[in-house]
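Novice: Quick one: structure below, then a few questions.
Every number here is computed from the coordinates shown, using simple stated rules; none is lab data. Not measured: the values here are computed from a predicted model. Glycine gets a Cβ as well: all are built from the backbone with ideal geometry, and neighbour counts include every protein chain shown.
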Amino acid sequence: MIVEALMIFFMLVLYGTMVWYRRPPNSAPGPLGLPIFGNAFFLGKEPQKTFRDWGKKYGKVLNVRLGSSDCIVINDYATLHQANVKRLAAFSGVTICPIFTEFTSGNYGIALANYSPSWQTHRRHVVTTLRRFEVGKRSMETKIFNEASRLTDFLRSTNGQAVNIGELLHKMTTNILCHAIFGKRYEYEHPVLCSIVQTINGIVDAEFGEAMQTAMLFPWLRYVPPVSKGCDEVLKSRQSMIETIDEVVFEHENSYDEDDMRDFIDCYLKEMKAGKDLFTRKQLLYEVSDLFLAGTDTTSNTLTWCLHALLHYPETQSKLRKEIFDVLGPTGKVNISHEPKMPYVLAFINEVLRFHPLLGLSYRSTTEDTELGGYSIPKDTPVWQIPAV
Ligand code: HEM
């Protein structure tokens, strides 16, 4: 009797293991991992590095099983280009998991909101409206210049005392975005500016960021300490940022003038007042929060890494100085038309971005059944991209 029971148990385990290891036809190759857990224990502290190592063995498109779900990892530039440019609509979803649903309060904002008519409409609106308020245009240069001059004035006034340059650059880049979104800049100690910078730091904090990434990779860990604590802290900072933006939006509502569009918020309010579908106050708050999150920490960290590189590579610093002086002379003002004449400056910035990628992994998903690199990928499959490739 015992022998029969053991035989049945053994056959069930064998059958379960075979079923678990079976992959759908034409799926991408990848490490098999352990039954039930998949590769959960093998990702390491920086999964993007592990994925790149696995890519050397399995190729440019990897299938990584985590728990019971298959995830796709894109591991080379040409395939990344295919997914993001040639087949953007099929790869524009966001990985669906409880922590992202909480972070977007359903599906609000544009950075982590899922692909939908609302996302498409607002993505388009953001790009056209920011262009209208000069982001990416030459006239924005004056504001960037003024902000940079204030920063250098401030640095001079400290008489060589140690300062937190990362924080100052964060305030400077946030102020530049404040011009376009809020229609004004703030002094460095102003509570609105400090609150935005502080809450962004709370959201992108390395430890909490790790908790968010863990909760995304293993959704059930969202509810288990210490991951749950890190995620709660991120959500608290997000909420506090939304409250700060809410106050600025409230001021705009009270001083709104149909004939004087001052900034991004006014333009959004105009669409709301016109009763345009999908334009809501809540979406405005989450969208503005996403713009500050996506646009300020990225830019200021890139600048901080540039300064770091200048300190550590003095010969590079001399070459950069020479190229800039050759093009501008000792007193000239730089503008975007000088870009083609400064190949070394551009190469330096690109190298800093390559060496210190600001985003380890981006968490997309497929919006339809599709294929990539010759492999079939079903709808709603998480697709993680490694921007550093
Ligand atoms: C050095 C500066 C920057 C870097 C390296 C950078 C990098 C990136 C990357 C890699 C993504 C794609 C994320 C994904 O696919 O999951 C992204 C998305 C995004 N970025 Fe940036 N970014 C920078 C500056 C900015 C600025 C200045 C703004 C706004 C004014 C901005 C707004 C956004 C938004 C709204 C998204 C999400 C929506 C979308 O994918 O189009 N970024 N950024």
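Novice: Cα-Cα over 30 Å: which of Lys171/Lys282; Lys184/Lys270; Lys86/Lys273; Lys45/Lys184?
Specialist: Long pairs (Cα-Cα over 30 Å): Lys86/Lys273; Lys45/Lys184.
Novice: By how many nm would the segment from Thr331 to Phe42 grow when fully extended, if each residue of separation counts as 0.36 nm and the alpha-carbon distance is taken off?
Specialist: 98.5 nm
Novice: Taking only Cα atoms of the chain, what ratio of Rg to Rh do you get with Rh as the Kirkwood inverse-distance radius?
Specialist: Details: Rg = 24.4 Å, Rh = 23.7 Å.
Ratio of gyration radius to Kirkwood radius for the chain: 1.03.
Novice: Pairing the Cα long axis of helix 264-273 with the longest principal axis of the chain, what angle in degrees results, from 0 to 90 and rounded to the nearest 10?
Specialist: 70
Novice: What are the lysines whose alpha-carbon lies under 18 Å from the alpha-carbon of Lys49, with same-chain residues fewer than 8 places away excluded?
Specialist: In chain and number order, the partners are Lys57, Lys60.
Novice: Okay, moving on. Rank Leu328, Leu311, Phe279 by how far each Cα sits towards the positive end of the charge dipole of the range 276-389 (+1 on Lys, Arg Cβ; -1 on Asp, Glu Cβ) and give me just the farthest.
Specialist: Among Leu328, Leu311, Phe279, the one farthest towards the positive end of the dipole of the range 276-389 is Leu328.
Novice: Still on this structure, please answer the following. For a Förster distance of 30 Å, can you work out the FRET efficiency between the beta-carbons of Asp232 and Lys184, rounded to the nearest 0.05?
Specialist: 0.35
Novice: Which chymotrypsin sites (Phe, Trp or Tyr not before Pro) in the range 208-264 sit in a loop by DSSP (not H, G, I, E or B) and have at most 15 other Cβ atoms within 10 Å of their own Cβ?
Specialist: The qualifying sites are Tyr256.
Novice: Taking amide H atoms as placed 1.01 Å from N in the peptide plane, list the residues 5 or more away in sequence, or in a different chain, whose amide H sits under 5 Å from that of Cys71.
Specialist: Those qualifying (amide H under 5 Å, at least 5 residues apart or on another chain) are Val64, Arg65, Leu66.
Novice: Would you mind computing, in nm to one decimal, how far apart the modelled labels at His356 and Leu34 are, each placed 7 Å from Cα along Cα→Cβ?
Specialist: Spacing of the two 7 Å Cα→Cβ label points: 3.7 nm.
Novice: I want to check the label-to-label distance for Arg22 and Ile144. Put each point 7 Å from Cα in the C-beta direction and report it in nm to one decimal.
Specialist: Result: 5.7 nm between the two label points.
Novice: Here's a follow-up. List every residue whose amide H lies under 5 Å from the amide H of Tyr375, counting only residues 5 or more places away in sequence or on a different chain, with H placed 1.01 Å from N in the peptide plane.
Specialist: none
Novice: Could you state the number of Å between the C-alpha centres of the range 265-301 and the range 29-57?
Specialist: Centre-to-centre (Cα) distance: 37 Å.
Novice: Mind listing the long-range amide H neighbours of Val94? Cut-off is under 5 Å, sequence gap 5 or more, other chains count too, H placed in the peptide plane at 1.01 Å from N.
Specialist: For Val94, the qualifying residues are Tyr115, Ser365.
Novice: Return the FRET efficiency for the residue pair Met7, Asp53: r is the Cβ-Cβ distance, R0 is 30 Å, and the value is rounded to the nearest 0.05. Please report the intermediate quantities before stating the final value.
Specialist: On the way: r = 40 Å, r/R0 = 1.34.
Approximately 0.15, to the nearest 0.05.
Novice: What aspartates and glutamates does Lys276 reach when the alpha-carbon gap must be under 15 Å and sequence neighbours fewer than 8 apart in one chain are set aside?
Specialist: By straight Cα distance, Lys276 reaches Asp266.
Novice: For the chain, with a Gaussian network of springs between Cα atoms less than 10 Å apart, report the residue from Asp246, Asp263, Asp369 with the top mean-square fluctuation.
Specialist: Of Asp246, Asp263, Asp369, the Gaussian network model singles out Asp369 as fluctuating most.
Novice: Quick one: among Ala294, Ala215, Ala274, which has the greatest mean-square fluctuation in a GNM of the chain with alpha-carbon springs under 10 angstrom?
Specialist: Result for the chain, Cα springs under 10 Å: Ala274 fluctuates most.
Novice: If you plug each phi of the range 277-294 into the Karplus form 6.51 cos²θ - 1.76 cosθ + 1.60 with θ = phi - 60°, what whole-Hz ³J(HN,Hα) values come out, in order, with x for Gly and Pro?
Specialist: Those phi angles translate into 3, 6, 8, 10, 5, 5, 4, 4, 4, 6, 5, 5, 4, 5, 5, 5, 5, 6 Hz.
Novice: Multiply the residue gap between Leu14 and Thr128 by 0.36 nm, knock off their C-alpha separation, and tell me the result in nm, one decimal place.
Specialist: Here the answer is 35.3 nm.
Novice: Binning every alpha carbon pair distance of the range 110-312 at 10 Å from zero, what are the percents per bin?
Specialist: With a bin width of 10 Å, the distribution comes to 8, 30, 34, 21, 6, 0.
Novice: Now, a different point. Charges at C-beta only: +1 for Lys and Arg, -1 for Asp and Glu. How large is the resulting dipole of the chain about its Cα centre, in Debye rounded to 20?
Specialist: Working: 41 positive and 43 negative charges, 249 e Å.
Around 1200 debye, computed over the chain.
Novice: Where in the range 177-210 does the amide nitrogen come within less than 17 Å of the point 7 Å from the Cα of Ala111, taken along Cα to Cβ?
Specialist: Only 177-182, 193-210 pass the distance filter.
Novice: How high is the FRET efficiency from Gln239 to Glu339, r the C-beta distance, R0 30 Å, rounded to 0.05?
Specialist: The pair Gln239/Glu339 has a calculated efficiency of 0.15.
Novice: Across the chain, where is the longest run that never hits GluC sites (Glu not before Pro) in a DSSP loop with at most 12 other C-beta atoms within 10 Å?
Specialist: Here the longest segment lacking exposed loop sites spans 1-186.
Novice: Let me ask another. Please turn the phi angles of the range 365-371 into ³J(HN,Hα) values with the Karplus equation 6.51 cos²θ - 1.76 cosθ + 1.60 (θ = phi - 60°), one per residue in order, whole Hz, x for glycine and proline.
Specialist: 8, 7, 9, 7, 5, 8, 9
Novice: When the chain is modelled as a GNM with alpha-carbon springs shorter than 10 Å, which of Met18, Met172, Met272 fluctuates the most?
Specialist: Most flexible of the set in this elastic network: Met18.
Novice: I need two numbers for the range 1-151: Rg to one decimal and Dmax as a whole number, Cα atoms only, in Å.
Specialist: Radius of gyration, then largest Cα-Cα span, for the range 1-151: 23.3, 86 Å.
Novice: Moving on. Which one of Cys231, Val248, Ser157 has its Cα pushed farthest toward the positive end of the charge dipole of the range 110-312, where Lys and Arg give +1 and Asp and Glu give -1 at the Cβ?
Specialist: After comparing all options, I get Cys231.
Novice: If you don't mind, there's one more thing I want to ask. Angle check, please: helix 206-217 long axis (alpha carbons) against the longest principal axis of the chain (alpha carbons), in degrees 0 to 90, nearest 10.
Specialist: The helix 206-217 is inclined about 40 degrees to the chain.
Novice: Could I ask something else about it? So how tilted is helix 343-355 from the main axis of the chain? Cα-based, degrees 0 to 90, rounded to 10.
Specialist: Value to nearest ten degrees: 40.
Novice: Next question. Would you check the range 305-389 for Lys pairs whose C-alpha atoms are within less than 25 Å, ignoring same-chain pairs closer than 8 in sequence, and give me the count?
Specialist: Number of lysine pairs found: 5.
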